[in-house]
Structure formats: structure tokens, C-alpha cells
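The values are calculated or read from the model by the stated rules, or taken from the named source; none is laboratory data. Remember, predicted model here, so these are calculated numbers, not experimental data. Methodologically, a virtual Cβ is constructed for each residue, glycine included, from the backbone with ideal geometry; neighbour enumeration extends over all protein chains shown. Just the protein is used for accessible areas: all its heavy atoms, side chains included, with ligands, DNA and RNA removed. Shrake-Rupley method; radii C 1.70, N 1.55, O 1.52, S 1.80 Å.
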Amino acid sequence: MKKPALRYNHIGYAPLAPKYFLAVETSFSSFEVLDELNEVVYSGELISRGVWPPTEENTLFGDFSALQKNGKYRIVVGDALKSEWFTIGGGWLSAQLNANIKSFYYQRTGVELVPERAGKWARPAAHLDDDIPFHSSMNRSGTWNAHGGWYDAGDYGKYIVNAGVSVSTLLLACELYPETIKKTELIEEVRFELEWFLRMQDHDGGVFFKISPDRWDSFIPPHQTVHQRRVLGKSTTSTLNFAGSLALAHRVFNHIDPEWAKTCLEKAIKAYQWAQLNPEVSYPDNTEGSGPYGDENYSDEFFWARAMLFRETQDSVFIEDLKRDVATQTVLLDISWRDTQNLGWIALSLQNSDLSLQSIARRKLEGSAAEIEKRSAESAYRIALSTFQWGSNGEIANQALTLAVVNEWLKIDKYTELVSEFVDYIYGRNPMNVSFVTGSAWSSPMFPHHRLSGSDEVEEPVPGLLVGGLNEHRQDTRRAVAYESELPGFSYSGAQGSFASNETAINWNAPLTFVLAYLASKY
Ligand code: 9MR
């Protein structure tokens, strides 16, 4: 794969955003930017960034940030190296934000997607899930109404662990960027998911873990699937995911629907109390047709839930535990479904009722932001990852979220440019030269690992979905997925079978929504 190439945002750049690109494996040392009339409107130097270890490519960097005029442009290096046309203009961020938010609508279960809203991706109601049996592991007769919510990813399962970090991330966007979010359908979409959360709570306060089929469904439309769907769980992690999310829902919905917001808070408290009585109930690890989301470390979920509840209630009952949490919990560079403590740190950093806890949390998150900045400055691709795990695109979006959150109190836009650069990586400035969001550019995935897209009659996949991206562990090679190169920096496959690199998931889309909302409110 080592041939001369350009790496840039395939959609384009906001006029005031930084405009960096990479030229790899080239001997030229300068570049030009041409406008639609093929006039040279900018020329600059290419600066060596050395070899980037994950791809072993020799890299050079170009910067045309000074070009701020709206228009269509292309980058040219030497005689042969030309980019495709891209745009400088402000509209792309809100267009992608809307597309990304709409992707959650397309993930809706149990309801008809009407042509007026879904266009060619309209489909009948399926997987009503309003009368489904319990898995045998639960020793429970009868059925349960678990109607609604989003499909988790490319499969047809619904999992509270993962839905929790996703919906909380989206709620945080609603809280922090209200003016931008007001112009979108996000509030309505988040409410759809939260209504499902409420149905997943058992009478005793515990929360079921997942709704999933006995076997993996094939790539057929949801209304044609054959495997029995069942309720599984409850677990400590699912119950605390619920508590943390519903507490934040209280904050966001308090001005929209105070009665309902109050219900959310009451149910969150009930869930937290269940978890206190059942602090180590493991995940259900016994179905074939779903992912495990296995996690037996509960302390980060406890921290998240009680920090959120403290912020909503100001109840001093949480203080003692929170003091112990801030002394023992680590701070990470991002949020993941398994490690949720940063949601706890964020809750403490944004509350005002205990300024000492606020200050500790802010310093911790600032430390993470500084580390992200340091690592990206060392990387030719200006990202903070040096290894690539399942869902690396989600990890990058989540690190951008950390940077954006810290800017809330720094108020000097210290990290906005870096957030913008991480988003450039997602939309094309990456070693695969792919815009990782379906329907976003000429290079977007056409065959994501996504049952809805792979089983409808429509040629294009459902738009607005972020795929997982580089994953050096390649857990799908035994399924005959071919990768172009052995190198970790090229470990993405555009094939439908590549569940390890080309699947979409709500927990990767949610931080993308968050950072697009952030950038749309800045640029
Ligand atoms: O995102 C999850 C990743 O961190 C795990 O390593 C992987 C294997 O357990 O599972 C991923 O989550 C999948 C889930 O289990 C089922 N729905 C699709 C999810 C995205 O691939």
C-alpha cells in the first residue's frame, strides 16, 4: 500500500477551522490548492513528519488554514498527486450533525419508519418486543414488555450496557449545546430511547441487561427474522447504567416535561438502591445471538451513577462515597461502555454544590486533555491513538469529547482546533483514505456490517452511521475477511463481513454527535 497519496477531510473544512493534510510517500516538498477554475489560490511547504509506525509510511504535513474563502477546492502535489474536490464552507458540520442524529432514528425498533421521515429507508414495524419471554437462566415465568429503543449496532440486539453510555453522551450534548441541538431532532430521539429504558426496569428497581435473539439473525429485514427474542439480566452494570442515564435525563427534560423528568429521577434512585443491595451481579454470559458487554468491575459504574445523582439531588448522602471515589478512581482519556468513570468525573466537574469535588474533577479531566494533546502532537496523523482496538473511531470521537468538555470551563477554546482535527480523521484524513460515516463522501463505506442496510432493497446503506474503523486485532479474519495489508494502521476492511472494523454502533455515533454539535456551535 506504500504509494504516494494525500490524506485530507473528504467533505471539507469550516472556513475558520484548521486545514491540515498529509502527503505520504512523496518526494515533493511543496503543494498547491486550486479552485474550481483550476487557478492556484494557495501554495505552501510540505513539512516532514517522519515515518508513522502503524503504517510505516513516510509522512509530510501541509497547512492551508489561511484559505478561508467559501468554495470548492483540490490539493495538488507534483504532477500526479491530486485530491478529489472538497468544500470550504460552514454548512457541512450541521449537515453531518443532522445525518448522524438521523442515524439513531433509523436504528429505532418496534415502530414503523414512515416514508415522510425515512425516505427510501422506510420499513414496517418489527420486533415489537412487547410480550417476550425471559431467558431460561432467569428462572422466571411470564413475559415482559420491552418495547422500543434503538438497535445497538449492526445486529438486532438491544443492550442497556452500551445504550447507557450512548444516551448519556447524547444527553450531555443536549445540556451543553442547547442552541445547536434545538435546531435538530435529538431531544425527541433521546426520549424514544429513554422510554425504552423505563420499560427495562423491573418492579424491584433492578434493570434487565438485554433483549436479544437466541441465535444471531442473518442479514434479513427485521420483520423476517425467525429467532425468539428474550429478556436477559438483571446485572449491577445495567442497573447503574440506567441510574446514571436517567439522572441526567432529569436535568435535560426538567424544562421540557417536568413531570416526566421527576419520574426519571425517582426511577434512577430506585435503580441505584437496587445496585447497593446487589453490588456484584454479573452480566448474562449465555446466549449465542448477542454480544456479552461483559464487565465485572463495578466501581466505575457506581461512581458514574452517584456523581450524576449527587448533581441532580445535591443530597449529602452521596458525599462520603464520592470522596472515596475521587481518591480511588482513575481518570481516562475517554468514555467506553466498559470504563465509565469519566462520566462521573464530568458530572462532578459540572456541578456547583461541592466546589472541592468540582475542582478535583476539573484538574483530572484537564490532565486527560493535556495527555491527549501531547500524544496527538507526537503523531503524524495527529491522533492520540498508537494502537487500534475494536471501535477505534469511537475512541477518537470520545477523546474529542473529553477535549470539548474541558473547554466548557477553560472558555478559551484551547482545544477546539484539535477537536476539529480528530473529526477530519473520521471524514477522510486517515490511513485508509475513507470517510468512515456512511453517505458522507465519495469514499464512505457502501457495505457496513449492518443488518438493516444489508437486507433492504436500497443500494446505499442507511446514511449517517459511523463504522468502527481500524482494529488491529481483526477478530473477523477467520470469517474470510480480507485486509489489504498486515500493518496495524491499515486494519480496516470495507467488506460487509467485517464486524471487527466495519460495523456501526450507537456508542460510536453518540460521541460523534457530541463533537459535531460542539464544532457546529463554534464554527
Ligand atoms: O464494542 C464492543 C467491543 O468493545 C468488544 O470488544 C466487542 C466484542 O465483545 O463487542 C463490541 O460490541 C458489539 C456488541 O457485543 C454486540 N453488538 C455490536 C457491538 C459492536 O460491534
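Below are the figures for this structure:
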| item | result |
| --- | --- |
| Selection within the range 9-26 - in contact (Cβ under 8 Å) with a residue 40 or more places away in the chain and open to solvent by 10 Å² or more (accessible area, probe 1.4 Å) | I11, P15, L16, Y20, T26 |
| Verdict on I220 being assigned by TED's automatic domain parsing to the domain that holds N145, over 25 Å from the mean Cα position of the chain (by Cα) and among the β-branched types (V, I, T) | yes |
| So K2, is it modelled with pLDDT under 95 and over 25 Å from the mean Cα position of the chain (by Cα) | yes |
| Residue in the range 442-454 that is nearest to F86 (Cα to Cα), counting only those that are open to solvent by less than 50 Å² (accessible area, probe 1.4 Å) and either within 16 Å of the ligand (Cβ to nearest atom) or among the aliphatic types (A, V, I, L, M) (or both) | P445 |
| Given (1) within 14 Å of the ligand (Cβ to nearest atom); (2) not small (G, A, S); (3) not in a helix (DSSP H, G or I), index of the condition N509 fails | (3) |
| Residues of the range 281-305 satisfying the condition of being farther than 26 Å from R229 by Cα and not aliphatic (A, V, I, L, M) | N297, Y298, S299, D300, E301, F302, F303, W304 |
| Within the range 462-477, considering residues that are away from the ligand (no atom under 14 Å from the Cβ) and open to solvent by 10 Å² or more (accessible area, probe 1.4 Å), the one farthest from the chain's Cα centre (by Cα) | T477 |
| Of all residues making up the range 72-97, the number that are out of contact with any helix residue (DSSP H, G or I) (no Cβ under 6 Å at 6 or more places or on another chain), crowded, with 18+ Cβ neighbours inside 10 Å and farther than 16 Å from G44 by Cα | 3 |
| Elements of type helices (runs of 4 or more DSSP H) contained in the range 145-208, each with 2 or more residues being of a type in the set (A, V, I, L, M) and surrounded by fewer than 22 Cβ atoms within 10 Å (Cβ to Cβ) | 186-199 |
| Qualifying residue in the range 230-243 (condition: surrounded by fewer than 21 Cβ atoms within 10 Å (Cβ to Cβ), part of a loop (DSSP other than H, G, I, E, B), assigned by TED's automatic domain parsing to the domain that holds I346 and at pLDDT 95 or above) | no |
| Check on V51, under 16 Å from I88 (Cβ atoms), β-branched (V, I, T) and in a strand (DSSP E or B) | no |
| Condition check for G497: under 27 Å from G164 (Cβ atoms) and in contact (Cβ under 8 Å) with a residue 24 or more places away in the chain | no |
